[in-house]
Amino acid sequence: MKVMAQMSMVMNLDKCIGCHTCSVTCKQAWTNRTGTEYVWFNNVETRPGLGYPRTYEDQETWQGGWVRTKRGKLKLRAGGRAKKLATIFHNPKLPSIHDYYEPWTYEYDMLLSSPQGQHTPVAKPKSLLSGDDMSISWSANWDDDLGGSTATMQDDPILKHMSEHVAEELEQTFMFYLPRICEHCLNPSCVASCPSGAMYKRVEDGIVLVDQDQCRGWRMCVTGCPYKKVYFNHKTGKAEKCTLCYPRIEVGLPTVCSETCVGRLRYLGLVLYDADRVGEAAATEDTRDLLTAQRSVFLDPNDPEVIEGARREGIPDDWITAAQRSPIWKLIHDYEVALPLHPEYRTLPMVWYIPPLSPVVDVVASSGNDGEDGRTLFAAISQLRIPLEYLAGLFTAGDTGPVERVLRKLAAMRSGMREVNLGREFPEETAAAVGMSGDQVQEMYRLLAIAKYEERYVIPTAHTEVARELEEMACSLDFEGGPGMGGAGPFGSSSGTPTPVAVENFHALSARQTADSPYGPSTPGRVNLLNWDGNGRPSGLFPPDEPGPSGPGGGEPPDGPGSLPGGRQDAAPDQPGGFDGSAR
Amino acid sequence: MDVSADGIIFWVVVPYVTFAVLVVGSIWRYRYDKFGWTTRSSELYEKRLLRYGSPLFHYGLLFVVLGHFLGLVIPKSWTEAVGISEGFYHFIATSMGTAAAVVAVAGLLILIYRRRATGPVFLATTRMDKTMYVFLAGSLLSGAWATVETQILAGGHGYDYRETISPWFRSLWYLQPEAALMAGVPAAFQVHILVAMLLFALWPFTRLVHAFSAPVQYPFRPYVVYRSREASVSSRAPRPGWDPSETPRRH
């Protein structure tokens, strides 16, 4: 037994309202740079739908993940090492930009600079790849809320595996949102696909990262990942992927997507697992047994033997405690309501999902029945085969059993808690019907519905013995567009040594952002020329004038407004540098 | 034999300077610009032409390189010792070399056309790329022309470069350069060699560096790579001024 810790996530799909806040904040934090316009480390898909990139789940086409050979060995679906090297000059299974979408911007400048005329100027969309006019025909969430789904939904790879009649009915029966990030798999096929060895799984917390200095841009990881969550930065020529916000995780903060989730549906915590058994579990013969196999790889953090093993592997005690308090472990093991996304890819993904009950409730309620009643819900769950089969296609390789059990637990919680809200006792028989106790269901309710911040996120900090090095450790993604980064150098985009992201930068930035005046220097004795418009004398550069009636700039501390610029005597005296700004 | 000053410059000075630039430049680039050390693939923009052009060019080039190795590094006496006659050698080298050259040139033409004709690919082309393409195409075409002119059109066994160019090439490596050997070499070969040397001098400063990172270790490593966070942190060179304070040792 080799105990390892994995930072993992569970998302409660019942609570996702499809607002894309996670996607937007993630993009602002990580991929708002050139070359990553089309990169969404986090995206939210409407299901049924095509996903992003389009039909990524169709592994017959994209060849991601692993397959089991006849001899019971695991093999990369896109081909083993020899085939990887043979096709290195052209990766045949790489999605093109059109399978994602062509990134664009709008000609906003036209709105301001076009001459006066009869017609209102328009900001036409311009391709960010070619600079040409383009008509926008797809994006990262084009089929959001089933928009245009009559034209595209039949291409949903999950639906294709279900029977024919289903597709037509499905749109009327249910819809839900699926937020996706990198799965940080226990058996990552992207890492296995990387010829350069630039991708790795961190020993401490299992986060899968790309070493940007070692990546040579062979693009095999993009093919290898069945979730298509490794992206190719087309400007820097390097692979980039969700980092699980490791700089935040290391200091005990939740990821940006979790922190900003308005539905509070994300959970973060540790899971202990037996690294020696990962390969064996991933090679389980029947894909429908992979869920059980993956569960059997996890180790109970309360088991003394596991604790002993964890200590032997150098896992610190606070991490073991965190694993014991982990909401992930509770949802996966204690309540058994979380399921992995596409276990059939054999990567042992570590972002799990609680399948949504809401579509079932909606159907029951819209048919005039009581959508909160336990027995009605139980009956509906087993009768509504279509949602069940669809969810099974996502989470259990097509086995409806585990999905049904989860939905029944959620139904029991929903109907039981209504009784409690009405002032009655929690109905033990409802809980017993799903194999739980009333107390356990109420505990689960607390975790899922109340979802306190400190219960959702149990994140042990990285150990600070190396804190000083951390200060200067450049973040693997902060190249183009980061502080002090240049544009295209002679060797291509962002060549050269990056400016490290340092605590010093961080504090300087935050001081500037929180300074009272954007004009004055932030530090006494220092002059900020950035806001000087070239007229007059920059504030604080010269010793103050003799006190007199000349102006308010006189003898004030450097923070105060500077002397008035020569040519701008008409400007109001309290507006330094002639700015019309109001900040003071 | 007398060697002219030109001969010394072209066949002694230039090769060594080229070699020095290649080695020092590559080390410098690796240290200064690991992040820029990539293929900078444009496959995301365009796949259809790349699918043919890139494998044709690269595989053709691999055979071209193999051919150069056999012709330049293996002495004539060795092949004769194993019973390969000059006629047979000439036939094999010319036919295989021509085939490889045709494949590589065809690939290169597709790639250059693709680079020019596909908007996003052309926009992603740096000035360095364009310069590199001139020298890359120059070496390939001049080499192909040298083969055609001296080996095919000339008839017979063609020009026996293994009497002149190859010994000169090897002499560079054991540091006793024999520039005189290059005096009578046909102009086509001389041009080819000079253009190629310029390409090698340019090499470290272009995207061609990706050739040095051919993933030869990939078949021999375990599939899943684990790295410790601490290892990645401590592998960074310590910044100046952070030497630990140690107790001075008394003698």
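The values are calculated or read from the model by the stated rules, or taken from the named source; none is laboratory data. From a predicted model like this one, the values you see are computed outputs, not experimental measurements. Every residue, glycine among them, receives a Cβ derived from its backbone with ideal geometry; neighbour counts consider all protein chains shown. Accessible surface is based on the protein model in full, side chains and every heavy atom, while ligands, DNA and RNA are left aside. Shrake-Rupley method; radii C 1.70, N 1.55, O 1.52, S 1.80 Å.
What to note about this one:
- Filter result for B:Met128 (within 12 Å of chain A (Cβ to nearest Cβ), modelled with pLDDT under 95 and in a helix (DSSP H, G or I)): yes
- Meets criteria (closer than 30 Å to A:Gly147 by Cβ, more than 14 Å from chain B (Cβ to nearest Cβ) and touching a Ser or Thr at 6+ places or on another chain (Cβ under 8 Å)) for A:Gln63: yes
- Residue match in segment A:117-126 (condition: under 24 Å from A:Asn42 (Cα atoms) and surrounded by fewer than 13 Cβ atoms within 10 Å (Cβ to Cβ)): no
- Test for A:Leu146: is it more than 22 Å from B:Ser42 (Cβ to Cβ), hydrophobic (A, V, I, L, M, F, W, C) and either within 14 Å of another protein chain (Cβ to nearest Cβ) or open to solvent by less than 50 Å² (accessible area, probe 1.4 Å) (or both): yes
- Residues of segment B:172-193 satisfying the condition of being open to solvent by 50 Å² or more (accessible area, probe 1.4 Å) and not in a loop (DSSP other than H, G, I, E, B): B:Trp173, B:Ala187, B:Val191
- Selection within segment B:209-231 - modelled with pLDDT of 90 or more, assigned to a helix (DSSP H, G or I), surrounded by fewer than 17 Cβ atoms within 10 Å (Cβ to Cβ) and at the interface with chain A (Cβ under 7 Å from one of its Cβ atoms): B:Pro219
- When residues of segment B:45-54 are limited to those that are under 15 Å from A:Leu94 (Cα atoms) and open to solvent by less than 40 Å² (accessible area, probe 1.4 Å), the one farthest from the other protein chains (Cβ to nearest Cβ): B:Leu49
- Of all residues in segment A:46-63, none are farther than 29 Å from B:Tyr223 by Cα, surrounded by 23 or more Cβ atoms within 10 Å (Cβ to Cβ) and either modelled with pLDDT of 95 or more or assigned by TED's automatic domain parsing to the domain that holds A:Val406 (or both).
- A count restricted to segment A:69-96 and to residues that are small (Gly, Ala, Ser), open to solvent by less than 70 Å² (accessible area, probe 1.4 Å) and within 12 Å of chain B (Cβ to nearest Cβ) stands at 3.
- Candidates B:Ser42, B:Ser85, B:Ser77 - the one that is open to solvent by less than 30 Å² (accessible area, probe 1.4 Å) and either among the small types (Gly, Ala, Ser) or more than 20 Å from the chain's Cα centre (by Cα) (or both): B:Ser42
- Counting only helices (runs of 4 or more DSSP H) that sit completely within segment A:211-266, those holding 1 or more residues that are aromatic (Phe, Trp, Tyr), within 13 Å of another protein chain (Cβ to nearest Cβ) and open to solvent by 10 Å² or more (accessible area, probe 1.4 Å) correspond to A:246-250.
- Selected residue (criterion: farthest from the other protein chains (Cβ to nearest Cβ)) from residues of segment A:184-197 that are surrounded by 24 or more Cβ atoms within 10 Å (Cβ to Cβ) and assigned to a loop (DSSP other than H, G, I, E, B): A:His184
- Scanning segment A:6-42 for residues that are in contact with a Pro (Cβ under 7 Å, 6 or more places away or on another chain), open to solvent by 10 Å² or more (accessible area, probe 1.4 Å) and within 27 Å of A:Ile332 (Cβ to Cβ) yields A:Asp14, A:Cys16, A:Cys22.
- Only listed residue being touching a strand residue (DSSP E or B) at 6+ places or on another chain (Cβ under 8 Å) and either modelled with pLDDT under 90 or surrounded by fewer than 16 Cβ atoms within 10 Å (Cβ to Cβ) (or both), chosen from A:Ser382, A:Ser358, A:Ser367: A:Ser358
- Residues (within 14 Å of chain A (Cβ to nearest Cβ) and of a type in the set (Phe, Trp, Tyr)) located in segment B:177-208: B:Trp203, B:Phe205
- The requirement of being part of a loop (DSSP other than H, G, I, E, B) and in contact (Cβ under 8 Å) with a residue 12 or more places away in the chain is fulfilled somewhere in segment A:84-92, by at least one residue.
- Selected residue (criterion: farthest from A:Gly51 (Cα to Cα)) from residues of segment A:97-113 that are open to solvent by less than 20 Å² (accessible area, probe 1.4 Å) and within 10 Å of chain B (Cβ to nearest Cβ): A:Ile97
- So A:Asn91, is it closer than 25 Å to A:Gly18 by Cβ and among the polar types (S, T, N, Q): no
- Residue-level check: of (1) surrounded by fewer than 20 Cβ atoms within 10 Å (Cβ to Cβ); (2) of a type in the set (D, E, K, R); (3) in contact with a helix residue (DSSP H, G or I) (Cβ under 7 Å, 6 or more places away or on another chain), B:Lys130 misses just (3).
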